[in-house]
Structure formats: structure tokens, C-alpha cells
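Participant: Take this structure, written in C-alpha cells, and hold onto it; I'll ask about it next.
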Amino acid sequence: MDNYTTGPVIGVSTQGASAHLSLPPMPGTPDLAGLEPMAPLARRWPSYLGAAVTLVMIVWLGLKLHALGVDSLVSALPSSPLFYLFFGLFYLSPVTGDFIIFRKLWGIPAAGYVALTKKRIANDVLNYSGEAYFYAWARQRSSMVAAPFGAVKDVSILSAIAGNMVTLAMIAIAMPLGIGLLTEQQLHNALWSVVVVFAMSLPFLIFSKRVFSLPRATLWWIFGIHCLRLIAGSVLIAFTWHYGLPSVSLGMWLLLSAARLIVGRLPLVPNKDLLFATFATLLIGQDAALSVLIAVTAALPLLVHVVLVAMFGLVDLVRKS
């Protein structure tokens, strides 16, 4: 992943972009070199985009929760406080990772954590819509013609690459243990999925000089943060499950969290939820209790999304009134 210095970033003059990209960003220094003041009318579209994304999130989350049957899931929530502690840490792990990254790149304030939380929610509603929202947020706050698009792009691409690489590492570890649990067709799909996962990352690595905007050292640092975030998330969900169903050992839950990460990123595997539930049942047993726990931990993020979106919307209304 080499530093790209052969052309300008979108919306930035060639001279300004070259000067900016040839130097590594310093902690606490905004990534705004070479930008020009933005016209007043152009400042409004990020607000409109943010409002549209919020409306879509509210509608989509409400429909999703209604389909899952919120009442029955709420009644099945575990009673252990540690379940909610580790779930909270698990929920915040992607946002915290992004905040650490953009805090170093741009020196964003604490308010950026809220924007990154909205980005995470929007990405869950519609893949990568959160990236557009966060780009709009950055552009609006900088009051410029173009926000530092290159950094948002690089962080997003590296997140996907890190997910693929961690998944491949997990497959290499878990495949010898779980190969006997898969049918011949499932094994065939899984192997081809491994090829696709690797192939998806390969072009970004081969053409890294043309794809990435940030310096090589910064790119490797961001990649490391993404990998740590993914590993931390897998460990935290394992602890969450353990305190939701403590009769199963933590080691077994860690193995299942690795399987969850693998199944979630395999592109050619149909009905991923069913495959994961089947694997979990074969690995752990306790069909009824396990099914309820997995359903609860799948629905809880949506429930938290709804609460946070409502809170953010209320705060915005109060500020504008």
C-alpha cells in the first residue's frame, strides 16, 4: 500500500493535493490542505443528506424490528448485567476504532463520535451509505468545497480489506476443526468463497499507488486498527454470548464468534443466517436456548439503533428550535 502522489484528490487542485499527499498527516491536524471556501448554497446539501439518511434509517429499522417481533425478543432478554456490559462494548467497538483513526488523521472533536455512530447505523441500513453521510458531515464542518475525500475512501477500503484478511486467517484456523460439520455442497461454496474473498482484495493491493491517497505508514497503521477492532469485536461478542448462556464455555463461544465472522463475509454462501445457526447448533447444542440467544443478539443492535436515532433526532430538533 504505497503513497499515491501521481494525481489530485477529487475536488482539490493538483498543486494543493500533491503537497498534501506527499506529507503524512499529523495528529490533531485537519486534513484540509488545498481546499477553497465553499459557496453558501453548496453548504446546505450535507444537511439535506443527513436528514434523508436519518429518515430512511428510522423507517427501515422500524420495519426490521416489526418483522423480528420485538415483544417476544424483549421478553427473552438475559438478566445478567455483564451481558449488557459486553454487548455495549461490542456495539461501540466499530465506532471507537473509526474515532481513533479519524482523531489521528483530522483531530476530530468528541462530537465526531456521534457522527461516526450515525455512520455505523447508516451502513447497517444500507451498505456504505454511512460513508456518504460521514463525508457530508466532514464537508459541512470544514465549510469547504470538498472534504478530505481521500481519507474517507482509504479508511473504508482498508476496513473491507482488513475484514477479508482477518476472515481468511480465521478460515485457516477454523477449517480443520469445522470441515467435518459441513456438507459437500457447503464445503464447495465455502472454498470458492475463500477464492472470491481473496480476489476482492487483490486489485487494491496490486494498484495501491493509484487507489490510496494517504502515506504508506499511515495506511498500515489504519489497517492495524481495523484488524484489532475486528478481533476485539469477535472476543466481545463471545463474552456477550457467554453471559447470556453461561452453561456453555467461553472457549466454545470464541470458536463460534470466529465462525460468525467467517460466515458473515463469505460472498457465495446462500442463507448465511441458516448456515451459522446450523453450525452453532452442531457445535454447542441446546437448540432452543441457543436460537433465542442468537436472535436476541441479532435484534439488540437494531433496537439500540432505533433509540440512538430517536435521541439524535431529538437533539437536532432542540438545537434548531
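The values are calculated or read from the model by the stated rules, or taken from the named source; none is laboratory data. Keep in mind it's a predicted model, so treat the numbers as computed, not measured. Every residue, glycine among them, receives a Cβ derived from its backbone with ideal geometry; neighbour counts consider all protein chains shown.
Participant: Given the conditions (1) exposed (fewer than 14 other Cβ atoms within 10 Å of the Cβ); (2) closer than 16 Å to L168 by Cα, and given that S249 satisfies all but one, which numbered condition is not satisfied?
Facilitator: Of the numbered conditions (1) exposed (fewer than 14 other Cβ atoms within 10 Å of the Cβ); (2) closer than 16 Å to L168 by Cα, the odd one out for S249 is (2).
Participant: Continuing with this model, one more query. Being surrounded by fewer than 16 Cβ atoms within 10 Å (Cβ to Cβ), within 16 Å of V296 (Cβ to Cβ) and modelled with pLDDT of 65 or more narrows it down to one of P81, P109, so name that one.
Facilitator: P81
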